[in-house]
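Only one structure is covered here, and it is reproduced in the block below.
The values are calculated or read from the model by the stated rules, or taken from the named source; none is laboratory data. Given the structure is predicted, the values throughout are model-derived calculations rather than measurements. Note: ideal-geometry Cβ built from the backbone for every residue, glycine included; neighbour counts use all protein chains shown.
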Amino acid sequence: MGGVEDDEPASKRMKLSSEELRRLSNGSTIKEPVAGSSRDLMARPLQSEGGEEVVGSKGVIKKVEFVRIIAKALYSLGYIKSGAHLEEESGIPLHSSVVNVFMRQILEGNWDESVVTLRNIGLTDERTVKSASFLILEQKFFELLDEEKAMDALNTLRTEIAPLGVNDSRVRELSSYIVSPSYCSPTRSPKQDTVRARSRSKLLEELQKLLPATVMVPEGRLEHLVEQALVLQRDACMFHNSLDKEMSLYSDHQCGRDQIPSQALQVYETGVSLKHKLSGHQKPLSSVSWSPDDRQLLTCGAEEVVRRWDVSSGECLHVYEKTGLGMVSCGWSPDGKWIFSGLNDKSICMWELDGKELECWKGQRTLKISDLEITGDGKQIISICRETAILLLDREAKVERFIEVDQPITSFSLSRDSRFLLINLLNQEIHLWNIEGDPKLVSKYRGHKRTRFIIRSCFGGLEQAFIASGSEDSLVYIWHRGTGELIETLPGHSGAVNCVSWNPANPHMLASASDDRTIRIWGLNNLSTKRKEPCSNGIHYCNGVY
């Protein structure tokens, strides 16, 4: 076997039927004759890749490549006869005859022959030939060990694998398997022919990745091209805010403006509710934040208290406060088990949901904490440390990084994946920063109004493809994150909109908080809610409750 004398009777050697070979080759053209013409077809050389015959209106798709990719997809989907008929009728084989021989040799375990055939395929890169030979001979080595032919395996390692000069560390690792072969068997069950055949099929997949696509069409190539086209259409869609499963191959994708929250569905009026005897905020709202599970909402009055609300009932579940101090911002931990808030004495406090204080850090380097974020893994605290700088503090490693800007910072917001930061500046600009590694400025957003107050912005929508912000002109502004284009302004508030928060569980829902002491919940124009009460403008008003 493979250059080593093999005394095993031929009747005991593993032989696979044509059907098994087709199945285990995962879509490769190893097939039985079709209408008696397969022998001639296999001998026919591949048509020139540079031929002039093309398909499509743009003249950029080569017919040979197009047909080969379709044939590959048919085989991968299990349509063996259809793939074979396509090759026969078009006269364009998926693989050349020598490649088909090579694939059959791999699946049947004819290692020495396959190495020789590999050099007859016509590869010009000697490194590719050696790397592919290494993979083939490695499989041979493992199967010899499975058959308890340690000396033959050692001979293969010394005289065939090592001289290739490929991956010396792997060669040393293989030599250790001679002593302990049970640790390395790729088949795990060498007595089972089916398991071994699957291992060979995986080898063929690895070789397919290594060899040029013109020699062996990559697995899933058609699917990859189609997915690539859909992703490009999605990314080019200015208003895309729907699930990808709704995209269709039958027509080009394009969302309408109706995918953006633009209608006020409900309005919370903070104050005293006679029905529940709840006290609301007595000062303008400065911050609002959805819980990770979409069931609760935190609101913060300007230098007042933090309130936690039950979204379904509107009940105020808890009030967080510190005697003599005012809260200026609030937020949730990534797991929703505790909350944190910035205070007007430059400190940061964390509470359990029942109000028990967990930690409190004095802001020795910080300004009055008007914004605070913790990354999704809970390891980094982000805060404003100077008027024009943001601190990124690794709590575990105690490593500090900084974002320096040339304008005073008024607020910031962290993306859901903790990779990006939105920074609101005094000059009425919002800057997007990538904070992985060394922070980098990515984009700028303009148009909203800010002259006197702190205005907050947020990421939102499906895959956080949008940027939303409050504004002193009583509007909510929405930009496309990728292009920076302003795509929507939402009227409705009667005072400055201080803060916005996009629902993390519903890409079609947005909350905004204003100096008019209301919180508006925005949704799609065509969305109807079960709880909506009859009123002239379709808006549901509530004093702290639904």
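The set of residues from the stretch 123-177 being surrounded by fewer than 16 Cβ atoms within 10 Å (Cβ to Cβ), over 40 Å from the mean Cα position of the chain (by Cα) and of a type in the set (G, A, S) comprises just one member, A150. Could you tell me whether the stretch 345-356 includes any residue that is under 20 Å from G460 (Cα atoms), among the β-branched types (V, I, T) and either without any contact (Cβ under 8 Å) to a residue 60 or more places away in the chain or in contact with a His (Cβ under 9 Å, 6 or more places away or on another chain) (or both)? No, the stretch 345-356 contains no residue that is under 20 Å from G460 (Cα atoms), among the β-branched types (V, I, T) and either without any contact (Cβ under 8 Å) to a residue 60 or more places away in the chain or in contact with a His (Cβ under 9 Å, 6 or more places away or on another chain) (or both).
Answer yes or no: is there a residue in the stretch 404-426 that is touching a residue at least 40 places away in the same chain (Cβ under 8 Å), part of a loop (DSSP other than H, G, I, E, B) and among the small types (G, A, S). Within the stretch 404-426, one or more residues are touching a residue at least 40 places away in the same chain (Cβ under 8 Å), part of a loop (DSSP other than H, G, I, E, B) and among the small types (G, A, S).
Matching residues to (1) in a strand (DSSP E or B); (2) touching a Lys or Arg at 6+ places or on another chain (Cβ under 8 Å); (3) free of Cβ contacts under 8 Å to residues at least 12 places away in the same chain:
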| residue | (1), (2), (3) |
| --- | --- |
| C360 | yes, no, no |
| I390 | yes, no, no |
| E396 | no, yes, no |
| L432 | yes, yes, no |
| I454 | no, no, no |
| E463 | no, no, yes |
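Among the residues of this structure, A84 counts as one that is buried (at least 19 other Cβ atoms within 10 Å of the Cβ), hydrophobic (A, V, I, L, M, F, W, C) and farther than 20 Å from E206 by Cβ. Of the candidates G482, G437, the single residue that is assigned to a loop (DSSP other than H, G, I, E, B) and on the phi > 0 side of the Ramachandran plot is G437. Where strands (runs of 3 or more DSSP E) fall entirely within the stretch 245-336, those with at least 2 residues that are modelled with pLDDT under 80, closer than 30 Å to S383 by Cβ and not basic (K, R) are at 285-290, 327-332. Looking across the stretch 345-363 at every residue that is crowded, with 16+ Cβ neighbours inside 10 Å and within 34 Å of the chain's Cα centre (by Cα), the one that is modelled with the lowest pLDDT is identified as I348.
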